[in-house]
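Since the structure comes first, as structure tokens, the remarks are kept for the end.
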């Protein structure tokens, strides 16, 4: 199996399956979003057209995967509602850990499913998985100060505000961090198949 077709273990939370998207399917999703082969054999559907109508991070992640397929380990996962097997969002780290062992995460939940705690559940699943990966020391979450629900969400985990950055696309963002060891002690949950 080539690195481009390799799948990482799926992450399970009480209500979600965080299904890794292989590099070849990620490229297909970006270059041919109506191609249903992206979902073939995976047992879920995309009725809300997540990453189809609005490709979100695909424009950044696909070039990275084309340059180095091993980076896809850190990238996109579908947020699949286990009760309906429907994709309701996506989540991704921005890349492999940097020199300090920091990984930053992003996520999006379809508007019909916001306010149900799914973003929190996805973050717990993703962070529980990543703190087990070699070289990960710091978890980072960045958010616009005007995004009140996300500000409350990161605050609920007890992350520390460490600064502000100016994102080229999103403008000013607050930077929050927590050590991987603190997350392990305070929040980590089992993430493998039930």
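Summary of values
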quantity	calculated
Residue within the range 65-75 that is under 16 Å from the mean Cα position of the chain (by Cα) and more than 24 Å from residue 191 (Cα to Cα) present	yes
Cross-chain or 6+ apart pairs with Cβ under 7 Å, the range 119-137 first and without any contact (Cβ under 8 Å) to a residue 60 or more places away in the chain, then buried (at least 16 other Cβ atoms within 10 Å of the Cβ) and part of a helix (DSSP H, G or I)	119/153; 120/153; 131/180; 131/183; 136/130; 136/180; 137/180
Test: residue in the range 31-43 that is within 17 Å of residue 169 (Cβ to Cβ), surrounded by 16 or more Cβ atoms within 10 Å (Cβ to Cβ) and either in contact (Cβ under 8 Å) with a residue 24 or more places away in the chain or more than 17 Å from the chain's Cα centre (by Cα) (or both)	no
Residue count, the range 145-194 (criterion: in a loop (DSSP other than H, G, I, E, B), surrounded by fewer than 17 Cβ atoms within 10 Å (Cβ to Cβ) and without any contact (Cβ under 8 Å) to a residue 24 or more places away in the chain)	4
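A short reminder: the numbers here are calculations on the coordinates, not readings from a lab. All of these numbers come straight from a predicted model, not from anything done at the bench. A quick note on method: Cβ atoms are made from the backbone with ideal geometry, for glycine too, and the neighbour counts reach across all protein chains shown.
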